[in-house]
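Following: one structure in structure tokens, then a few remarks.
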Amino acid sequence: MSGADPHAIPQARGHRAAVRAHGGQRMLLHLPAASVKKLKARANGEMACSATATISSLQAVLAHFWRAVCRARRLPPEHGTLYSVVVGCRGRMNGIPPGYVGNALVFGKAEATAGEIEEKGLGWTAWLLNRAVASFDEATMRESLERWVREPDFTYMDNLSSAGTALVTGSSPRFDVFGNDFGWGKPLAVRSGSGNKADGKATVFEGPERGGSISLEVCIAPDALERLVADQEFMDSVSTPAA
């Protein structure tokens, strides 16, 4: 075809329509380091008498996001909601070096009702995410890998996003995305590809000023996103930089 990009990778028939069908709208949300520290301190303070491990900065941020999205989606208090977080196997499984470049991850899942998340607070919600990450077990993971060889199974975004009630987060603020230089100079902004554009997907990056800041590239239904950015409790910790 005249003018076609000779380097383009052909898409499977119907692929782009499937991406649009997820019905999400994208927005970048930014939390400066000071906001991240406050959320972490608040979450750990709320759980000081019962938690047996420290809630991380990312877990506190994701808990803040989860609670706000439940409100933005107007989920009934008794409605169940699920948050799937990607847990990296590097450093958790023997034989996988820190510099391994392939996919080495498993999903940790936290579940609660929308009412519990709202009523029990930031710390309790962050603790659910903390326990989801801590649930990683190397022996179970190895059994799963051996079973996969016999019975291959693939995970798709549709399996992780459930009718406007679930959230999924991948990537990590620990990745040095702004330190990359491919000969064009340092990055000014970082975004994910079309495979991450599904209702309920939130991709994490370090913030552009680094130093503990966090950016969330979120994709949720347009009406819910409109309510999310109008939620004063949520937006007190968040800014929305230009796309």
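Among strands (runs of 3 or more DSSP E) entirely within region 17-121, having at least 3 residues that are more than 20 Å from Ala166 (Cβ to Cβ) and under 20 Å from the mean Cα position of the chain (by Cα) singles out 25-31.
Screening region 128-237 for helices (runs of 4 or more DSSP H) wholly inside it with 2 or more residues that are among the basic types (Lys, Arg) and surrounded by fewer than 13 Cβ atoms within 10 Å (Cβ to Cβ) returns the ranges 138-150.
Condition test on Phe182, is it of a type outside the set (Ser, Thr, Tyr) and at pLDDT 85 or above? For Phe182, the condition - of a type outside the set (Ser, Thr, Tyr) and at pLDDT 85 or above - is met. Considering region 58-91, the residues that are free of Cβ contacts under 8 Å to residues at least 60 places away in the same chain and farther than 26 Å from Gly211 by Cα include one that is surrounded by the most Cβ atoms within 10 Å (Cβ to Cβ), namely Cys70. Taking the criterion of being closer than 24 Å to Gln25 by Cα and without any contact (Cβ under 8 Å) to a residue 40 or more places away in the chain, would at least one residue in region 162-185 satisfy it? Yes - at least one qualifying residue is present in region 162-185.
Quick check on my filter: what residues within region 41-57 are touching a Ser or Thr at 6+ places or on another chain (Cβ under 9 Å) and surrounded by fewer than 23 Cβ atoms within 10 Å (Cβ to Cβ)?
Pass one, region 41-57, residues touching a Ser or Thr at 6+ places or on another chain (Cβ under 9 Å): 43-44.
Correct list: Asn44 only.
The values are calculated or read from the model by the stated rules, or taken from the named source; none is laboratory data. Keep in mind that this is a model prediction, so the values were computed, not measured. All Cβ positions, glycine included, derive from the backbone under ideal geometry; neighbour counts span all protein chains shown.
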